[in-house]
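Since every read-out is calculated from the coordinates, none of them should be taken as a lab result. The model shown is predicted, which means the values in this text are computed figures rather than measured ones. In this analysis, Cβ positions are derived from the backbone assuming ideal geometry, glycine residues included, and neighbour counts consider all displayed protein chains.
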Amino acid sequence: MAHNVYLETFGCQMNELDSELVTSAMRGMGYQFVSDPAKAQVVLYNTCSVREHAEQKVWSRLGELALRKAREPRLVVGVMGCMAEREGEKLLKRMPVVDVLVGPGELDKLPGLVDNAIRTRLSLLDEKETQELLATPENERPDVSLLLSAGQVALAGQTSRRSATLAAAQDTLELLDLSRAISPDDLAAKGGAGRAAYVRITRGCNKFCTYCVVPFTRGAEVHRPPQAIVDECKKLADAGVIEVTLLGQTVNHYRFEHGASVSVGGVIQPQKGRAYGITNDPSGDPHRGESVTTFADLLHMIHEKVPAIKRLRFVTSFPRSFGNDILQVMRDSPRMCRYLHVPAQTGSDRLLKLMNRQYNVGEYLEFLDRARSFLHQPEIGRPLTLAGDIIVGFPTETEDDFEATKVLMRKAAYKNCYIFKYSPRPGTIAIDKFEDDVPDMVKRRRNAELLDLQDVIGKEVMAEFAGLTTDVFVTGVSKRQGRLTKARIAGEQGLEMGHVHSHAHTHAVAATTTAKPAGVSLTIGGKKLGGGDGNNDDDRGCAIDAASTIVGVEREDERDAMVPGRGGSNTPPTAAGPIQMSSRTDGDVIAFFDLPQGMSPDDLIGTIVKFKVKRCEPLALHGEMVGP
Ligand code: 5AD
Ligand code: SF4
């Protein structure tokens with residue numbers, strides 16, 4: 001019997017990509033994915049541990065499922081991702097409703113473990129027992145915690161850090177990336193969103209920022225072989241993808257030493273990051289050459305070998321060790337996006353030390369200046385757009401530290417900046433070393449102040465776009481337009497509609513515009529995409545940026561623009577005016593324009609067109625299409 005699976009994803013793009021890979025692997029085994037958890041026999045959560053808030057959401061979901069399992073004892077529940085790794089088997093003790101527990105480094109094992117769990121659940125509950133349980137009135141049923149977990153567990157523990165040799169065991173997780181099923185039909189069904197994809201280049205992180213749980217949950221930095229990455233980009237391009245976002249926690253640290261590569265069964269294995277290769281010399285990696293593929297080399301390779309990828313971008317950059325060699329490749333490669341997400345975290349040198357960030361404010365700003373000097377060319381329609389992350393309320397943060405952060409933000413001139421309240425995470429260095437001594441009230445106030453400040457900065461940054469002609473990637477029909485059209489049609493038909501207007505968000509919130517495989521619902525920080533409200537804190541999971549980040553008032557328009565299949569020719573031009581299209585600049589700024597007369601949305605969705613800016617809002621541009 002084909003089993004229905006519901007998969008909900010929390011957190012960053014790395015999780016989204018993991019969910020996509022798991023989905024395609026399980027589909028290959030005959031599972032079907034559904035968007036309604038009530039219709040699923042298998043419920044999976046791909047979790048995030050970066051802030052407590054994201055974990056709380058999962059705990060509450062699991063609590064609800066425990067009640068459901070009392071009625072449906074065959075239900076299989078799985079927790080995958082960072083929370084599984086961080087909590088380990090303690091999670092099963094606290095929530096026996098969970099049958100499958102898989103860390104982010106072991107995801108290739110998930111389909112097999114779910115299969116085992118389905119069988120185990122059946123054997124745990126013989127038919128008679130199940131029938132008896134179901135026949136018992138709900139209020140008399142035994143405590144659901146008595147229902148045993150199927151106990152299918154795959155966690156990396158700390159093994160990923162124990163093995164220092166390059167000739168580590170076969171990296172089976174690589175097989176999950178390598179076996180990525182890319183179907184042109186599936187991509188086409190997703191409309192504009194199907195033409196953008198993530199490609200992992202690096203897993204894990206070696207930085208150990210003191211507040212961050214990622215090095216513990218995702219393990220040591222591991223780089224994928226360059227050829228595997230290029231091949232994946234080619235496969236995606238052949239299936240119709242035109243925008244690729246390369247993913248890595250510290251993506252600019254990518255480095256692959258060919259002399260040290262290891263093959264297992266003819267497959268070149270990913271390689272552990274080697275710290276000595278990382279240098280802060282702006283001229284780039286001194287070992288660059290025949291035997292080392294640096295990040296700059298990798299970008300160049302993809303750009304040259306896969307010209308069908310019209311936009312190449314990457315997230316997230318670490319402000320250290322970002323050489324001019326990378327900036328030069330970005331400048332010289334017309335299809336590389338001029339967008340950098342480079343978290344600063346704080347503008348206080350004292351706190352940067354406590355955070356173990358390994359740079360100071362001067363070095364950070366020097367990097368931004370260097371990046372601007374290479375890449376900021378509004379005169380040719382190619383400005384550089386910057387995004388940042390800031391943590392407020394890190395232990396011992398004073399008003400002076402906070403003021404220094406404001407100064408940094410003004411100098412950095414981000415298009416958007418994610419502001420997070422410090423959340424002490426078990427297992428991190430900060431939780432052991434520093435008391436969480438900034439009261440929540442103070443964190444909230446600082447959070448709100450920085451959001452307001454960023455609003456002002458964002459407005460100024462966007463004002464620079466006035467009059468510019470630039471390329472935009474058309475993602476779909478704007479949601480507001482679609483809703484208005486539907487409302488009007490419904491009105492004409494005398495139907496009752498729900499609310500028509502989207503919420504106005506005046507502050508930056510993170511959301512992603514990337515396609516979700518059908519039946520995979522994406523949640524950012526516990527907020528389901530396409531619904532709910534959001535504030536800036538806790539909206540984004542991990543150190544991987546929302547590459548296609550939408551911020552502010554127009555967020556819902558853009559979200560909807562990326563809903564698979566949306567904006568097709570079934571949305572007719574209306575008497576209310578032309579159809580409004582939604583698009584993105586290569587710097588990830590949302591741009592709206594009216595569909596030119598005589599064209600259907602399908603003619604444009606998923607293509608890149610020329611756009612002239614007429615009006616700048618704080619977080620979106622309005623203008624017209626001036627050419628293909
Ligand atoms: N508390 C608050 N914010 C955090 N981040 C990472 N760990 C924490 C934490 N413990 C933020 C950082 C990072 C982003 C993905 O999440 O700003 O860049
Ligand atoms: Fe690594 Fe980023 Fe976490 Fe620092 S904040 S430890 S660089 S993932």
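Summary table below
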read-out: Separation between Cα centres of the stretch 215-259 and the stretch 401-418, rounded to whole Å; value: 30 Å
read-out: Equivalent ellipsoid semi-axes - Cα gyration tensor, the stretch 198-255, angstrom; value: 26, 11, 8
read-out: Protection proxy ranking, peptides 355-361, 412-418, 288-294, average beta carbon neighbours within 10 Å, highest first; value: 412-418, 355-361, 288-294
read-out: Tensor-based shape of the stretch 1-129 (alpha-carbon gyration tensor, a/c under 1.5 rounded, otherwise prolate or oblate); value: oblate
read-out: The stretch 1-69: C-alpha gyration tensor shape, a/c 1.5 cut-off, then a/b vs b/c; value: oblate
read-out: Qualifying lysines (Cα of each under 16 Å from Cα of Lys433; at least 8 residues distant if same chain); value: Lys353
read-out: Order by protection proxy (mean Cβ within 10 Å, highest first), peptides 258-268, 83-93; value: 83-93, 258-268
read-out: Compactness of the stretch 420-469 - radius of gyration and Dmax, Cα, Å; value: 17.3, 52
read-out: Cross-link pairs beyond the 20 Å C-alpha cut-off, checked among Lys310/Lys459; Lys415/Lys459; Lys459/Lys612; Lys57/Lys421; Lys190/Lys235; Lys406/Lys614; value: Lys310/Lys459; Lys406/Lys614
